[in-house]
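The values are calculated or read from the model by the stated rules, or taken from the named source; none is laboratory data. Note that this is a predicted model, so its numbers are computed, not measured. Ideal geometry is used to build each Cβ from the backbone, glycine not excepted, and the neighbour counts take in all protein chains shown. Side chains included, ligands, DNA and RNA excluded: accessible areas come from the protein's heavy atoms. Shrake-Rupley method; radii C 1.70, N 1.55, O 1.52, S 1.80 Å.
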Amino acid sequence: MKADYEIPDNLLYTEEHEWLRRDEENPDQATIGITDFAQDNVGDVVYLDLPPEGDSVSAGETCGEIESAKTVSDLYAPVDGVVVATNGDLEDQPELVNDSPYGDGWMIRVRMADAAQLDDLLDASAYRTLIEEH
């Protein structure tokens with residue numbers, strides 16, 4: 001396990017190690033993926049089972065699976081909403097999750113049902129504290 005994880009200050013985080021970036025142009029939409037810490041702990045990602053466009057997701061509930069060489073992990077939704085896009089590049093290149101967890105390795109975009117739920121997520125400082133306690 002590496003000691004110094006990338007934790008961008010402009011994102012929000014869950015205790016299950018997902019990140020959320022609110023879309024500046026469409027503030028009711030957000031992009032979601034897993035953190036640098038999560039991809040490092042999962043190992044080399046080989047397959048993703050992501051929800052299709054139009055599916056509803058609920059905060060704290062499983063909305064997909066991340067399969068690596070050593071384990072299968074759940075992807076949890078940080079907020080309630082409807083999936084408006086999935087990252088199709090991950091079908092042929094699941095390793096993007098490991099190579100670029102905050103960039104090309106994003107997983108889904110959702111239209112949030114209630115932006116007030118963002119207040120329940122962790123900021124970068126709180127997330128740093130969470131993984132330091134691991």
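Before moving on, here are some points about what is shown:
- With DNA, RNA and ligands ignored, accessible area of residue 114 (1.4 Å probe; Å², nearest 10): 80
- The fraction of accessible area contributed by carbon and sulfur in region 14-134 is 37 percent, rounded to a whole number (1.4 Å probe; ligands and nucleic acids excluded).
- Ellipsoid semi-axes in whole angstrom, largest first, where each is sqrt(5λ) of the Cα gyration tensor of the chain: 21, 19, 13
- Sorting the segments 86-92, 12-18 by their mean number of nearby beta carbons within 10 angstrom, highest to lowest, gives 12-18, 86-92.
- Computed [θ] at 222 nm, deg cm²/dmol, the chain (DSSP H ≥ 4; -39,500 (n - 2.57); rounded to nearest 500): -4000 deg cm²/dmol
- For region 13-95, the solvent-accessible area works out to 49 Å² per residue, with a probe of 1.4 Å and every protein chain left in place.
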